[in-house]
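Let me begin by presenting the structure, written as structure tokens, before commenting on it.
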Amino acid sequence: MRTNAWSVLQQSAAAGLAWILAEWLVAGDHHPFFAPIAAVVALNTGFGVRGVQAVNLLTGTLIGIIVGASAVWLISTPSLGLVVATLIATLVAVAVGAARVTIAQAAAAAILTVTIPYGGDGGPQRLFDAALGAGVALVFSQLLFPTHPLRLLSQAEHELVFHLHRLLVRTAHVADRRDDAQSEVQDALVSTHTAIADLESARSAALDIVDRTLRGVYLRQRTRTRVAAAGPLEGVAVMCTLVATTVLSAPGKSQTALAAVVREVADVFARVAEARSTDGAWGAAAFWDAAALRAEELRETLPGLRRRLEDSGPETDAAISAIDILCDTLRRTAK
């Protein structure tokens, strides 16, 4: 919520600034709606890729305005011009292999160019306003409020560990009490898979930041090291989802014993969520250091659990094996 509020605040400020600058720089009958629209759309994406978003948006706007202005000049019927301009602008954007935001912006710019009367020099004036809005967005994203790649990565790591803890706690609760709360586990599984994807995106965005922004130059080596260290966490997360599904597939008579072990693993993630690395930002290194010892202790208890539940069927054996692999993954990754 805090991150979203900060993003919305930046978008609002950038929209207002883009409008003020456009009115100040251009005299006469001028309604620069393209400037605030460009600023908001460019900043309306995840931290770390907003500069790329601004460039993509400007490319789409350029395509849409050129095609829309040409349609106004060549086609006298507004409705026909709208259809033709939208079609051609979209096809051009697709043909050049543009991103989805570029394709959508090309179509939107063509529609606005054809349908809304405009003062000044028409197409060139609209393009100036769009470039101004994208420029304001670049100033916000690259100079005033650049994204810190290590902080971006730490947030995604911490969020994933939080969801892993919640998934295992809910799994242990359902297995222990055998109540009808399977939907809570399913919701936790969905949230966990989303968090895994978010970490993957954060790792990619962190590398983009250090390669494409001014701020990233002096953080390049540290960021690449942290991105590599965060990679195994995705594998750990996948194993946690496997533990949840196999434990709840085991026979009811063995789920209580399995729940106790799952709860112990969940406690590992709870402690890890509070760990801090030496540079003051939560990171994967702190995760491995905190989890390895406890994972080894838990793994040593699994042979006894397997012997006690040896008559419980292959589903129980599969659940114990999943827990064993998870603990071993934590232990080996820490080395």
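Among the candidates 108, 89, single out the residue that is under 21 Å from residue 44 (Cα atoms) and either surrounded by fewer than 24 Cβ atoms within 10 Å (Cβ to Cβ) or out of contact with any Cys (no Cβ under 8 Å at 6 or more places or on another chain) (or both). Walk me through it before giving the result.
Values: 89 fails: under 21 Å from residue 44 (Cα atoms).
Being under 21 Å from residue 44 (Cα atoms) and either surrounded by fewer than 24 Cβ atoms within 10 Å (Cβ to Cβ) or out of contact with any Cys (no Cβ under 8 Å at 6 or more places or on another chain) (or both) holds for just one of 108, 89, which is 108.
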Q: Please work out which residue is nearest to residue 259 (Cα to Cα), limiting yourself to segment 297-326 and to residues that are part of a loop (DSSP other than H, G, I, E, B) and open to solvent by 20 Å² or more (accessible area, probe 1.4 Å).
A: 309
(Q) With the requirement that a residue be buried (at least 19 other Cβ atoms within 10 Å of the Cβ) and at pLDDT below 75, what does segment 253-272 give you? (A) 272
Q: Answer with yes or no whether residue 226 is charged (D, E, K, R), in contact (Cβ under 8 Å) with a residue 24 or more places away in the chain and in a helix (DSSP H, G or I).
A: yes
Q: Taking only segment 1-22 into account, find how many residues are at pLDDT below 85 and part of a helix (DSSP H, G or I).
A: 6
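The values are calculated or read from the model by the stated rules, or taken from the named source; none is laboratory data. If you're wondering where the values come from, they're calculated on a predicted model, not measured in any experiment. Every residue, glycine among them, receives a Cβ derived from its backbone with ideal geometry; neighbour counts consider all protein chains shown. Heavy atoms of the whole protein, side chains included, go into the accessibility calculation; ligands, DNA and RNA do not. Shrake-Rupley method; radii C 1.70, N 1.55, O 1.52, S 1.80 Å.
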